[in-house]
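Report on one structure; see the data block that follows.
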Amino acid sequence: MQEVKHTEQAWDCATGNGQVALELANYFKEVNATDISQAQLDQAETRENIHYSISRAEQTNFPDSTFDLITVAQAIHWFDFGAFYREVRRVSKPGGILAVWGYGVMQFADHQINEQLQHFYCVVTNPYWDPERRYLDEAYQTIPFDLPEINIPETFAIEQSFTLASLQGYLNTWSAVKKMQQKTSPKDPVGEFISGLQEYWPVAAMQPATFPIHLRVGRVE
């Protein structure tokens, strides 16, 4: 937030169920939050200063020179980069900030668990990930970033603890796992993976993990 000059208007692009928009609403007079999925927006919590709407990232109805801050969380790797950056330049105020970020695959503190998870991610499920996933694997350093970049020296991560059951539930949400299950049914690749972890992981135990956050920040000139 220290790079943002004014806090009148923010746009949270590809807001999903509005988690980032809710945070922005604590700092900005008005937040516009857009997504292409009405089902996602239907799950979003409302606030008086948040305005949700259906819109593509690359083409909106916002007036020129509107926003002090534009954010994109876990989504820019799906965009048409050139068209999106043109829209950012159009709707951003001069000197406005674009902040984009995504999170990588979790890393467990226990090295045996982590080795098994990395193998499941990098080898077992690898053929089933969409090609755009590589941008997250490359820490967002290879996404085209068409703005003068602001160096952010801090590193960020999401911390979360899992039981075997909650990890199994989380892995079953992976898009690659869903594709894999369709092709390998009736096999249960996640169930097999979880069974293999029981050698290192007592069933009721909580194991800490971190999701590294990959952040790029630029200023519109």
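We did not get these values from a lab; they are worked out from the coordinates using the rules stated. Keep in mind it's a predicted model, so treat the numbers as computed, not measured. Note that we place each Cβ from the backbone using ideal geometry, even for glycine, and neighbour counts take in every protein chain shown.
May I ask for the Kirkwood hydrodynamic radius of segment 65-221, worked out over all distinct Cα pairs and given in angstroms to one decimal?
Details: mean 1/r = 0.0568 Å⁻¹.
Roughly 17.6 Å, rounded to one decimal.
For segment 1-69, rounded, prolate or oblate, judged on the Cα gyration tensor with a ≥ b ≥ c (square roots of eigenvalues), a/c < 1.5 rounded, else prolate if a/b > b/c?
Because a/c hits 1.5 or more and a/b fails to exceed b/c, segment 1-69 counts as oblate.
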> Put +1 on the Cβ of each Lys and Arg and -1 on the Cβ of each Asp and Glu in segment 74-221; which of Leu117, Ala205, Phe84 then has its Cα farthest toward the positive end of the dipole?
Replying inline: Phe84
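With a/c under 1.5 counting as rounded, go ahead and sort segment 38-84 into rounded, prolate or oblate using the C-alpha gyration tensor (a ≥ b ≥ c being the square roots of the eigenvalues; past the cut-off, prolate if a/b is larger than b/c, else oblate).
Values: a/c = 1.85, a/b = 1.26, b/c = 1.47.
It is oblate, given that a/c is not under 1.5 and a/b is not larger than b/c.
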> Which value results for Rg/Rh of segment 159-221 when Rg is the Cα radius of gyration and Rh the Kirkwood radius based on the inverse mean 1/r?
Replying inline: 1.17
> Which ³J(HN,Hα) values in Hz, rounded to whole numbers, follow from the phi angles of segment 68-73 under the Karplus curve 6.51 cos²θ - 1.76 cosθ + 1.60, where θ = phi - 60° and Gly and Pro get x?
Replying inline: 7, 9, 10, 10, 9, 10
>> For a quick check of your reading of the filter: which trypsin sites (Lys or Arg not before Pro) in segment 157-221 sit in a DSSP loop and have no more than 14 other Cβ atoms within 10 Å?
In response: Lys187
>> Could you tell me the relative contact order of the chain? Use alpha-carbon pairs under 8 Å, at least six residues apart, and round to a whole percent.
In response: 22
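Note down the magnitude of the dipole of the chain about its Cα centre, charges +1 on Lys and Arg C-beta and -1 on Asp and Glu C-beta and zero elsewhere, to the nearest 20 debye. Present the calculation step by step, with values, prior to reporting the outcome.
Working: 16 positive and 28 negative charges, 78 e Å.
The dipole of the chain has a size of about 380 debye.
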> If the label point is 7 Å along Cα→Cβ of Gln43, which residues in segment 1-32 have backbone nitrogen under 20 Å from it?
Replying inline: 12-25
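For segment 133-194, what does the alpha-carbon gyration tensor say about shape, rounded, prolate or oblate, given a ≥ b ≥ c as the root eigenvalues, a/c under 1.5 as rounded, and a/b over b/c as prolate? Don't skip to the end; give the middle numbers.
Values: a/c = 4.93, a/b = 1.87, b/c = 2.64.
Oblate shape, in that a/c is at least 1.5 and b/c is the bigger or equal ratio.
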